[in-house]
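So the structure is just underneath, and the comments pick up after that.
The values are calculated or read from the model by the stated rules, or taken from the named source; none is laboratory data. As the structure is a computational prediction, the values presented were derived from the model and not from experiment. Note that we place each Cβ from the backbone using ideal geometry, even for glycine, and neighbour counts take in every protein chain shown. Note: areas computed on protein heavy atoms with side chains; ligands, DNA, RNA excluded. Shrake-Rupley method; radii C 1.70, N 1.55, O 1.52, S 1.80 Å.
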Amino acid sequence: MSVYDPASGCDLVLGTPRSAPDLWMQYLDGAQSLYAAHGVSAALDYDAVVDGDSTTLFYAAVDRSGVIRGGHRAQGPYLDVRDSHALVEWDGNDGRDELIAAVNSRLGYGVVEMKTAWVDPTADDPSAVSALLARVAVPTMTMTGARFIMATAAEHVLRRWSSSGGRVDKRVPASAYPDERYRTSLMWWDRETMERLAEPAVWQQIREEAYVWNGLGGELGDRSVA
């Protein structure tokens, strides 16, 4: 399944590691190269995720030449807070108890965690690729049935993603992850508040893309983008 984004010049392809194994490996290899360039390979945990077992679905932004310029992957919906990778990210940091409470309070409604987000800095328009990836919450909710999407990243990245209706959880202090150079924060998207919190122009894009996703249009319209 895919949707074309004219701003970035990319097709945003949705798949699973088993339905698109070649694309999965290209996506992970791109992430590995970028993480290594920034000295944060440990945050990717490549050996633990490469088999795809922990990944429910993933997105790859593929340009007209067939090169992947960025992507995301999703884990969940979770059955237990201990399934969340965020616990590793807050290990030894203030706010771990608040993080656990935040996830636990939402588990009954469905929680999916987005991981391994990256954007190729050599893409024609990296900011457009980032904006495209910020709009994956709605199709992820629809595919998984989850009400909540969570993501952890540097706060300047999350501010960019807030355009699609996500909000940083200020009750959870930022963690020094993957090392002291970084401050990682927690963001939530809630199916019931996204329309109100998203920037109007971005929400319109989300609506338009919802009806393009093969097999998702009607369901998205009924459940998330009415």
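So the values come out like this:
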{"read-out": "Checklist (1) over 18 Å from the mean Cα position of the chain (by Cα); (2) within 25 Å of VAL3 (Cα to Cα) applied to ALA137, failing item", "value": "(1)"}
{"read-out": "Residue within region 147-165 that is hydroxyl-bearing (Ser, Thr, Tyr), touching a strand residue (DSSP E or B) at 6+ places or on another chain (Cβ under 9 Å), touching a residue at least 12 places away in the same chain (Cβ under 8 Å) and in a strand (DSSP E or B) present", "value": "yes"}
{"read-out": "Any hit, region 137-144, residues being in a strand (DSSP E or B) and touching a helix residue (DSSP H, G or I) at 6+ places or on another chain (Cβ under 7 Å)", "value": "no"}
{"read-out": "The lone exception for THR16 - which of (1) open to solvent by less than 40 Å² (accessible area, probe 1.4 Å); (2) farther than 27 Å from ARG183 by Cα it fails", "value": "(1)"}
{"read-out": "Residue that is open to solvent by less than 50 Å² (accessible area, probe 1.4 Å) and modelled with pLDDT of 85 or more, where the choices are TRP188, TRP213", "value": "TRP188"}
{"read-out": "Residue list for region 49-80, restricted to those being under 26 Å from LEU99 (Cα atoms), under 18 Å from the mean Cα position of the chain (by Cα) and outside any strand (DSSP E or B)", "value": "VAL49, GLY52, ASP53, SER54, THR55, THR56, GLY76, PRO77, TYR78"}
{"read-out": "Criterion: open to solvent by 10 Å² or more (accessible area, probe 1.4 Å), touching a strand residue (DSSP E or B) at 6+ places or on another chain (Cβ under 7 Å) and of a type in the set (Phe, Trp, Tyr) - qualifying residue of TYR59, TYR78", "value": "TYR78"}
